[in-house]
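**Student:** Below you will find the structure I want to go over with you.
The values are calculated or read from the model by the stated rules, or taken from the named source; none is laboratory data. The structure displayed is predicted, hence computed values, not measured ones. Because the Cβ atoms are built from the backbone with ideal geometry, glycine has one as well, and the counts that use them run over all protein chains shown. We work out accessible area using only protein heavy atoms, side chains counted, and drop any ligands, DNA or RNA first. Shrake-Rupley method; radii C 1.70, N 1.55, O 1.52, S 1.80 Å.
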Amino acid sequence: FQFVWLSLNVWLFGKTFLLYNEGLQYYYLHQMLGLGLCISRASASVLNLNCCLVLLPMCRVLLAFLRGSQKVASKKTRRLLDKSKTFHVTCGVTIGIFSVLHVAAHLVNALNFSENYNEEFVTLNAANYRGEDPRKLLFATVPGLTGVIMVLVLFLMFTASTYAIRVSNYDIFWYTHNLFFVFYMLLMLHVSGGVLKYQTNLEEHPPGCFNPNKTLRQNLTVPKAFEELFPDYTTESFPEDLPVPEPFVQNSFMRVCSEEPKFQSHFPETWFWISGPLCLYCVERLYRYIRSNKPVTITAVISHPSNVLEVRMMKDDFEARPGQYVILHCPRVSALESHPFTLTMCPTDTKATFGVHLKVVGDWTERFRDLLLLHSNQDTEILPIFQQRRYPKLYVDGPFGSPFEESLNYEVSLCVAGGIGVTPFASVLNTLLDGWKCYKLRRLYFIWVCRDIESFRWFADLLCMLHNKLWQENRPDYINIQLYLSQTDGIQKIIGEKYQALNSRLLIGRPRWKLLFDDIAKCNRRKTVGVFCCGPNKISKILHKLSNSSNSYGTRFEYNKESFS
């Protein structure tokens, strides 16, 4: 996908390059700037396209609406929406690459404007005189100064978007990424300078044409006495009623000009490109702010093993589908910062409670946990609402769509979780606990891989309840649960009557993915199996490769994935 998009941008770059290199309206400007003109304009066209589209994948409400809309009935089309984050990153990388080309070309243009100052067509110049310091064009003009600042903003955004910084200090990534609004404001000012001009009267003055009036004025020697008596004599046009002298007659090799060339700045086309997506994004953010303006009611806070915190909440008129996620914002933790968390419990017709599980791994989650937990000896207690201490205000934005919404729309689904990546599947399991007959899903393979055995306790009760419910309904084959423990320390801790159903499904080591896929294909011949993965990239790459591999049973695997690494 990334290769196809980059290839499309290279094609657009090439077509625009040829347009400016061969276009007659840019003839005189091209003589001054050379290839710098073509490269700067070609890269600008690519930047316009990508700056327009990079915002659309961040319109979460729009994506959630399209995913849940009946107008997008095709499952394959809805799966394209799952590539929104990838598309956003690809557009960002493309902006970075072609920004380097754009900046380099304009540095050359600034030098050429100074050295190739055109005294014949003064309006075509960006410099004020020949030999003007090019640094003045960069730091003393609106296009130059805004361009320099935009380069600094892009540098901060790109460096803070690297994996190392996002993992070590997410706050830096979040704050620098919000500089995009400054970037777009500067971009609108940047294109309003009108530095590059094109010729508007090609019919009256074809590039390279012969101007008889100008030639006469240059070659005719006027007596000094005539110049004093008739100071405007040298600027008079050749009389229209007199025949043009033979040397000036138009022939097959040269056209005669009827007037001087006229130049005009381009209308800032960038406004057309970015105004629509930018307004759409701003309207959506306003809608999201209004929708999430009322704080939720926290009903319970539970501390689970391995630094996992569960928060259960209630909110008026809140509706969500299994697999969706919300964005939490707690002003007492951070005035501006917010984070996405997958719903592990969705509201239903019988209960209005919804919840999330979050792993305490960073500054934000640590501060959030400290504010929620009252005393260490009450960490695992669920107190009635009227006995709760005054929790900090918590705002919920969402819900938003994710690939895991499709897990109930397949007849057979394979759900693979790694560690805390089990959270999107928890909401699916909770939904099946309330009732499974209304969904298309008829068989679910649930694979959960953890490093320590305590992690299985996060949803051990849920798994046991679902297992017992299906046994009572005589559908024990509806769900196939496999728990894998990659480390064997403390394996005896899970032994007990309460989790007896899980003990028999606990395996040591890592899954043998090839054998697992072969077994699923054999049991589901000529069917389509939805593959869903939320875990480390290493696991997702293996599953993606196996999903694209053919098998002898006619089973087709469709891969869906969300990575938190």
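**Student:** Can you give the extra length, in nm with one decimal, that the chain gains between residue 373 and residue 280 once fully stretched, where that is 0.36 nm per residue apart less the Cα-Cα distance? Present the calculation step by step, with values, prior to reporting the outcome.
**Tutor:** Working: separation 93, 0.36 × 93 = 33.48 nm, distance 3.93 nm.
Additional length available on full extension: 29.6 nm.
**Student:** Spin-label point model (7 Å from Cα, Cβ direction): what's the residue 133 to residue 352 distance in nm?
**Tutor:** The two pseudo-label positions are separated by 6.8 nm.
**Student:** With a cut-off of 19 Å, note down the residues of the stretch 94-133 whose backbone N falls inside the zone around a label point 7 Å from the Cα of residue 163 toward its beta carbon.
**Tutor:** Label zone hits: 94.
**Student:** For the stretch 405-562, state the semi-axes of the equivalent ellipsoid (square roots of 5 times the eigenvalues of the alpha-carbon gyration tensor), sorted largest first and rounded to whole angstrom.
**Tutor:** Numbers: eigenvalues 112, 77, 38 Å².
After scaling each eigenvalue by five and taking roots: 24, 20, 14 Å.
**Student:** Moving on. For residue 115, tell me the accessible area in Å² from a 1.4 Å probe, rounded to the nearest 10.
**Tutor:** Accessible area, nearest 10 Å²: 100 Å².
**Student:** Could you rank the peptides 177-186, 457-466 by their average count of other C-beta atoms within 10 Å per residue, with the highest value first? Don't skip to the end; give the middle numbers.
**Tutor:** Values: 177-186: 15.5, 457-466: 18.6.
Descending mean neighbour count gives 457-466, 177-186.
**Student:** Rounded to the nearest 20 debye, what is the charge dipole size of the stretch 405-562 about its Cα centre when +1 sits on each Lys and Arg Cβ and -1 on each Asp and Glu Cβ?
**Tutor:** Working: 23 positive and 15 negative charges, 120 e Å.
Dipole of the stretch 405-562, to the nearest 20 debye: 580 debye.
**Student:** Moving on. Report, in whole Å, the centroid distance computed from the Cα atoms of the stretch 22-68 and the stretch 119-159.
**Tutor:** Here the two parts' Cα centres lie 19 Å apart.
**Student:** If we count every other residue with Cβ under 13 angstrom of residue 116's Cβ, Lys/Arg +1 and Asp/Glu -1, where does the sum land? If you can, show how the numbers build up before the last one.
**Tutor:** Details: positive: 130; negative: 115, 119, 120, 132.
Charge balance in the 13 Å sphere: -3.
**Student:** For residue 271 and residue 182, compute 0.36 nm times the residue count separating them, minus their Cα-Cα distance, and round to one decimal in nm.
**Tutor:** Extending this stretch completely gives an extra 30.5 nm.
**Student:** Follow-up. What's the local net charge at residue 64, with K and R +1, D and E -1, over the other residues with C-beta under 13 Å away?
**Tutor:** Details: positive: 60, 67, 78, 288, 291, 321; negative: 82, 284, 319, 397, 405.
So the surrounding residues net to +1.
**Student:** Give, as a single signed number, the net charge of other residues whose beta carbon lies under 10 Å from the beta carbon of residue 418, with Lys and Arg counted +1 and Asp and Glu -1.
**Tutor:** Here the charged neighbours net out to +2.
**Student:** A further question on this structure: How about the stretch 296-333: which trypsin sites (Lys or Arg not before Pro) there are in a DSSP loop, with at most 13 other Cβ atoms within 10 Å of their Cβ? Numbers along the way, then the final one.
**Tutor:** Details: sites: 312, 315, 332; in loops: 315, 332.
Passing sites in the stretch 296-333 are 332.
**Student:** OK, next. Whole Å is fine, so just give me how far the alpha carbon centre of the stretch 417-437 lies from that of the stretch 280-355.
**Tutor:** Here the two parts' Cα centres lie 17 Å apart.
**Student:** Right, something else. Using the beta-carbon distance between residue 86 and residue 18 and R0 = 25 Å, what value does 1/(1 + (r/R0)^6) give for FRET efficiency, to the nearest 0.05? Could you put the intermediate results ahead of the total?
**Tutor:** Numbers: r = 30 Å, r/R0 = 1.22.
Efficiency for this residue pair is about 0.25.
**Student:** Another one. Place the peptides 60-67, 468-475 in order of packing, highest mean first, counting for every residue the other Cβ atoms within 10 Å and averaging per peptide. Mind dumping the intermediate values first?
**Tutor:** Working: 60-67: 18.2, 468-475: 12.5.
Top of the packing list down: 60-67, 468-475.
**Student:** Sticking with this one: If you stretched the chain out fully between residue 552 and residue 171, how much longer would it get, using 0.36 nm times the residue separation minus the C-alpha to C-alpha distance? Could the numbers behind the result be given before it?
**Tutor:** Details: separation 381, 0.36 × 381 = 137.16 nm, distance 4.92 nm.
That works out to 132.2 nm of additional length.
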